[in-house]
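Here the structure comes first, spelled out in structure tokens, and everything after it is commentary.
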Amino acid sequence: MAFSSTNPTCRTATTSLPSKLHHLTAQLSPSRLPVNSVTVKTPSLISCAVTSQSMPLIEKDEEAAVHLRPDSFGRFGKFGGKYVPETLMYALTELESAFHALAGDHEFQVSVNQEFAKELDGILKDYVGRESPLYFAERLSEHYKHPNGEGPNIYLKREDLNHTGAHKINNAVAQALLAKRLGKKRIIAETGAGQHGVATATVCARFGLDCIIYMGAQDMERQSLNVFRMRLLGAEVRAVHSGTATLKDATSEAIRDWVTNVETTHYILGSVAGPHPYPMMVREFHAVIGKETRKQALEKWGGKPDVLVACVGGGSNAMGLFHEFVDDKDVRLIGVEAAGFGLDSGKHAATLTKGEVGVLHGAMSYLLQDDDGQITEPHSISAGLDYPGVGPEHSFLKDLGRAEYYSITDEEALEAFKRLSRLEGIIPALETSHALAYLEKLCPTLPNGTKVVLNCSGRGDKDVHTAIKHLQV
Amino acid sequence: MVGASLLSEASVISMSKGKMYVTQAELATALKDYVGRETPLYLAQRITNHYKNSKGEWPEIYLKREDLNHCGAHKMNNAIAQAMLAKRIGRKSIVAATGAGQHGVATAAACAKLALECTIFMGRMDMERQSSNVTLMNLLGAEVRSVDGSFKDATSEAIRHWVNNLDSSYHLAGAPVGPHPCPTMVREFQSVIGKETRKQATEIWGGKPDVLVACVGNGSNALGLFHEFVRDEDVQLIGVEAAGVGLESGKHSATLVTGEMRKVKSLGHTPLLLEYPGVSPELSFFKDIGQAEFYTVTDQEAIDAYRRVSRLEGIIPAMEASHALAFLERVCPILPDGARVVVSCSGRGDKDAAM
């Protein structure tokens, strides 16, 4: 069975496709299309979006669907998709086309694709400061050694050294470039901790774009330094008072703005959440983290990491580190969410542990909801993890059993914050501290010499005031 | 820069095993993996555009991104190197003085990494104005001791403390001032800035910079950038000091320009790191032999530059670096078309937000 693409930027499949893929296209027939996904023009023509995932070797028909991350409808298994108002569908499709044309993998390198890649690489190097080091944390490793001197080796991927102090800028810079190519002059974004807001305001200043940041009023109070930075960089910061006045409400407001101003505006979503193509796109733009890690691991010890650990709020830094290694079955993937006051307290943000499947901000994923399907208010000491949802790809990896997810309380995170500061002279973001705290539980179980790479996703200068309130310093 | 073999060599020479010299490889690893070097030489396109004249001519402005270092300033280059040295010669504790706190924070971080005790002396008023930096130092495990007076007095106190504990402690100077070998050592450790710049300039445009601009407090970041190019006659060296509220006012820190030792009464705007009544003997020498030129910039000009660079490039520069950036307003109109200017962006400006 042959099908042709309605999108000129996609590959055209022909009858020379392996027979297993024909079975796959049958699975994607119109009758099985979920509601609110890509509009199909005729029953025999299916719009095919090229994913950055190269065609995998498919062993079993039943497993065919699970290897596409995402499939052409932006689904990771049953998660993901595009649950958005009709007004946004065109913008999302346009964005997806632009992404594939400029930034996606192409069998034949077209010049515009190379040009974009070259420009982005230059900016990541000279502006953002990449590549970020893979740092051997000697004293931290020492801390986890057993009395007999055995223990794992802990490496930190230093995203804290990026310009603006977190991994967020990798995605912001790439999306701003994309927006410019699309001729958009106005940028909007949501922000929780403020790191994504600062990153967005930063790139807008750099590219001369108008910038509006939506931030929950409660978060604005917690992260006033970041609010100042955004304004200094020329952005307008709009306080969101609705709901719980935190990240999820800021996201809703940003989406509302985008619906109204979609022709002139690009929405730089800050995480691997939201409607397709965002989870895929944001992941791709952060994937540089994992790519560099593979190269650096090879240089440093001639092998791969054994375990990858990262904190998970929306999930962008984790996907950025994990993505490169998802198909390496011998690499363990561990995500760490916020348990706030404890999983039984009801005051946490441990979506993958305590959540149920539902739709939030345009995507199907795990989320924290009550029996009436209303979003429950999450809590975490760290604003960046204080989100009741999670990226759909994480939900998928969890259900597949490919990645493991645990959670860490506020108190444990604060201890880890202090610990890394004292042992390595690196003050980690409170978000990152959650991943660091999990080492206390993980390391005693690891065999001698295990190579652990932890994503040090941000620096903690912004959290100093929160920390001194809670710690005896 | 650090291949697998270099790293294995470095890991064999363990810090805790007896007396061995700090190898270049160990320092290189620390600078790369811990500090985050090399720092980019970044073409600031929008600042460059800003300085285009009516004839469509302009100099090209490059920023040497010391703001991207761990702890946010060039200070770490020197702190980590000296801390490693101190550990290697068997010292258990470090003592240092800090003005704004950048050197204190860098020193505290390096000490944490190397398991050294750390005592930082800081002027009482500085501690109040820079309480965030004090908190950072405490978080990093350092003890911050308050001194009546300013940075000058904190320095005296630190040296006094060191002299009383010569066997076990090490005075980690942040400035290329004081008795030999301090100025030379600090300059050497900061000279990585200039060395990288030469290499990057060759890579990017196949030549050398025409003009180097750096702010001058005590002179560490300026010397770090200049040193590599001191023998290059065709590279112009420009240092920018703080004129505070104006040279006529007497409330400034322009040691080299006014040629006198002056105590500064800050109105709260003067960037503390440039608020030092002395300056590097080497820069004094450069001034006398005409090797480098020195100018000043007022508080207001610095603040304007702080805002300008934030808006145009999305880089919030430290108030100190803002002095160097402010000087571009005066020098760019007189530079020939295509002149390449490298400005030392010596630190990031988050710490100056309160101001």
Counting GluC sites (Glu not before Pro) as exposed when in a DSSP loop with at most 14 other beta carbons within 10 Å, what is the longest stretch of chain B free of them?
B:58-232
Fraction of accessible area attributable to carbon and sulfur, the protein assembly as shown (%, probe 1.4 Å):
52
Using just the Cα positions, wrap segment A:227-385 in a convex hull and report its mean projected area in square nanometres, one decimal place.
12.0
Which parts of segment A:136-170, residue by residue, lose 40 Å² or more of accessible area when the rest of the protein chains are there, as against the chain isolated (1.4 Å probe)?
A:139, A:161, A:163
Over segment A:112-248, what portion of Cα pair distances is larger than 26 Å, expressed as a whole percent?
38
Going residue by residue through segment B:36-48, the Karplus relation 6.51 cos²θ - 1.76 cosθ + 1.60 with θ = phi - 60° gives ³J(HN,Hα) values, rounded to whole Hz and with x marking Gly or Pro, of x, 6, 7, 7, x, 9, 9, 6, 8, 4, 6, 5, 4
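Could you work out the per residue convex hull volume over the alpha carbons of segment A:223-301, in cubic angstrom?
Spread over its residues, the Cα hull of segment A:223-301 gives 164 Å³ apiece.
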Cysteines of chain B lacking any other cysteine beta carbon under 4.7 Å?
B:71, B:182, B:215, B:332, B:345
If each part is reduced to its alpha-carbon centroid, segment B:106-147 and segment B:311-355 end up apart, in Å, by 28
How big is segment B:188-265 in terms of Cα radius of gyration and Dmax, in angstroms?
15.0, 46
Radius ratio Rg over Rh of segment B:112-169, counting only Cα atoms, Kirkwood formula for Rh
0.99
Using square roots of five times the C-alpha gyration tensor eigenvalues, list the equivalent-ellipsoid semi-axes of segment B:144-184 in whole Å, biggest first.
17, 15, 8
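Only sites in a loop by DSSP and with at most 11 other Cβ atoms within 10 Å count here; which trypsin sites (Lys or Arg not before Pro) in segment A:329-425 make the cut? List each step's numbers first, then the result.
Working: sites: A:329, A:332, A:347, A:354, A:398, A:402, A:418, A:419, A:422; in loops: A:329, A:347, A:402.
Filter output for segment A:329-425: A:329.
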Unit Cα scatterers, Debye sum, the protein assembly as shown: log10 I(q)/I(0) for q = 0.05, 0.07, 0.11 Å⁻¹:
-0.27, -0.52, -1.25
Can you tell me the equivalent ellipsoid semi-axes for segment A:152-202? Use √(5λ) from the Cα gyration tensor, largest first, whole Å.
27, 13, 8
Calculate the translational D of segment B:26-86 in whole µm² s⁻¹ from Stokes-Einstein, where the hydrodynamic radius comes from the Kirkwood formula applied to all Cα pairs, the temperature is 10 °C and the viscosity 1.306 mPa s.
118
Starting from the eigenvalues of the Cα gyration tensor, five times each then square-rooted, give me the equivalent ellipsoid semi-axes of segment A:329-473, largest first, whole Å.
26, 20, 12
Enter the Cα centre distance for the pair segment B:176-202 and segment A:256-283, rounded to the nearest angstrom.
46
Heavy-atom accessible area per residue of segment B:43-111, all protein chains kept, 1.4 Å probe, expressed in Å², is 25
Average projected area of the Cα convex hull of segment B:59-122, in nm²?
5.0
Would you jot down the residues in segment B:119-143 that end up with at least 40 Å² less accessible area in the complete protein assembly than in the chain alone, with a 1.4 Å probe?
B:135, B:136, B:139, B:140
Over chain B, what per residue volume does the convex hull of the Cα atoms give, in whole Å³?
130
Under the Kirkwood approximation for Rh and a Cα-based Rg, what ratio Rg/Rh is obtained for segment A:291-330?
0.98
Phi to ³J(HN,Hα) by Karplus 6.51 cos²θ - 1.76 cosθ + 1.60 over segment B:149-162, Hz, x for Gly, Pro:
x, 10, 4, 4, 6, 4, 4, 4, 5, 4, 5, 4, 4, 5
Provide Rg over Rh for segment B:294-355; use the alpha carbon set for both Rg and the Kirkwood Rh (inverse mean inverse pair distance).
0.98
Segment B:311-355: which residues show an accessible-area loss of 50 Å² or more, assembly versus chain alone, 1.4 Å probe?
B:311, B:314, B:316, B:348, B:350, B:353
Over all directions, average the projected area of the Cα convex hull of segment B:51-188 and note it in nm².
10.3
Interchain or long-range residues, amide H under 5 Å from residue A:137's placed H
A:154, A:155, A:156
Could you give me the ³J(HN,Hα) list for segment A:95-103, computed from phi with Karplus coefficients 6.51, -1.76, 1.60 and θ = phi - 60°, whole Hz, x at Gly and Pro?
5, 4, 4, 4, 4, 5, 5, 9, 10
Only bridges whose two residues both fall in the protein assembly as shown count here: according to DSSP, what percent of them are antiparallel, nearest 5?
25
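The values are calculated or read from the model by the stated rules, or taken from the named source; none is laboratory data. Only a predicted model underlies this, so the values are computations on that prediction, with no experimental measurement involved. Backbone-built Cβ (ideal geometry, glycine too); neighbour counts: all protein chains shown. We work out accessible area using only protein heavy atoms, side chains counted, and drop any ligands, DNA or RNA first. Shrake-Rupley method; radii C 1.70, N 1.55, O 1.52, S 1.80 Å.
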